[in-house]
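The values are calculated or read from the model by the stated rules, or taken from the named source; none is laboratory data. Predicted, not measured: the structure shown is a model, and the values here were computed from it. Note that each Cβ is placed from the backbone with ideal geometry, even for glycine, and that neighbours are counted across all protein chains shown.
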């Protein structure tokens, strides 16, 4: 039996989402726009209304949790920005990880970067992977992005740090979805919340349909499919 997965197609949308929220939050675009909306005219242009924590992505240290399909896509999108990337993935051979500005590291090293992006699948081995100890390594003022699965992260510990305003976060997945109205994450200026949309895009949805249809055609004609799942890595997949 051949199993097909459109994950490589969805990864394009997820990787782009991570890049988009990273640029948005690192530059504090939301705060700048809100400041201008609250003070139209000359008041909104004064230095006091400019985001004090704005920084560029260029040359930044980035920690990537898991070299999954989405993780690899995000790493590729970061290539033009000259970032130094540390990857945590115990299943990735060091030789495969070696490329300019990319290296393997421990989970605490990954979480110690100014930008941390989580791409780990939801597996028994990854539950609570980013626990309280790892979260404590996230630097003050850093940006934490989770577009993979909530079970990988200790959200109680994460929430405590975010409520305290120690660093920023862009979160697309949650332990309970929809995120309850009582969540302390709502209304925090240092947190961007989205409703599990990282992999959603109308054009990507259309690409998935075409890709699966093409693979069905390949199977029918005896050609190797492009989206076949490697059964040897079945237990490592989301």
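The residue that is modelled with the highest pLDDT, among those in region 222-237 that are under 9 Å from residue 3 (Cβ atoms) and in a helix (DSSP H, G or I), is 231.
Taking the criterion of being over 15 Å from the mean Cα position of the chain (by Cα) and closer than 21 Å to residue 23 by Cβ, the only residue of region 166-184 that qualifies is 167.
Kindly indicate whether residue 197 is outside any helix (DSSP H, G or I) and either modelled with pLDDT under 90 or surrounded by 11 or more Cβ atoms within 10 Å (Cβ to Cβ) (or both).
It is true that residue 197 is outside any helix (DSSP H, G or I) and either modelled with pLDDT under 90 or surrounded by 11 or more Cβ atoms within 10 Å (Cβ to Cβ) (or both).
Between 78, 36, the distinction of being assigned to a helix (DSSP H, G or I) and touching a strand residue (DSSP E or B) at 6+ places or on another chain (Cβ under 8 Å) belongs to 78 only. Somewhere in region 182-189, is a residue surrounded by fewer than 12 Cβ atoms within 10 Å (Cβ to Cβ), modelled with pLDDT under 95, assigned to a loop (DSSP other than H, G, I, E, B) and out of contact with any strand residue (DSSP E or B) (no Cβ under 6 Å at 6 or more places or on another chain)? Checking region 182-189: at least one residue is surrounded by fewer than 12 Cβ atoms within 10 Å (Cβ to Cβ), modelled with pLDDT under 95, assigned to a loop (DSSP other than H, G, I, E, B) and out of contact with any strand residue (DSSP E or B) (no Cβ under 6 Å at 6 or more places or on another chain). Just one of the listed residues (23, 19) is touching a helix residue (DSSP H, G or I) at 6+ places or on another chain (Cβ under 6 Å), in a helix (DSSP H, G or I) and at negative phi, and it is 19. Just one of the numbered conditions (1) touching a residue at least 24 places away in the same chain (Cβ under 8 Å); (2) within 17 Å of the chain's Cα centre (by Cα) is not true of residue 161: (2). State whether the residues of region 94-108 include one that is under 27 Å from residue 174 (Cβ atoms), surrounded by 13 or more Cβ atoms within 10 Å (Cβ to Cβ) and touching a residue at least 60 places away in the same chain (Cβ under 8 Å). Within region 94-108 (the criterion being under 27 Å from residue 174 (Cβ atoms), surrounded by 13 or more Cβ atoms within 10 Å (Cβ to Cβ) and touching a residue at least 60 places away in the same chain (Cβ under 8 Å)), the answer is no, since none of the residues qualifies. If you filter region 115-133 down to residues that are at pLDDT below 95 and in a loop (DSSP other than H, G, I, E, B), you find that the one that is farthest from residue 16 (Cα to Cα) is 123. Of the residues making up region 46-65, those that are more than 28 Å from residue 135 (Cβ to Cβ) and either touching a strand residue (DSSP E or B) at 6+ places or on another chain (Cβ under 9 Å) or surrounded by 13 or more Cβ atoms within 10 Å (Cβ to Cβ) (or both) are 49, 50. Selection over region 160-181 of residues that are outside any loop (DSSP other than H, G, I, E, B) and surrounded by fewer than 17 Cβ atoms within 10 Å (Cβ to Cβ) gives a count of 2. Scanning region 60-70 turns up one or more residues that are within 20 Å of residue 123 (Cα to Cα), part of a helix (DSSP H, G or I) and at pLDDT 95 or above.
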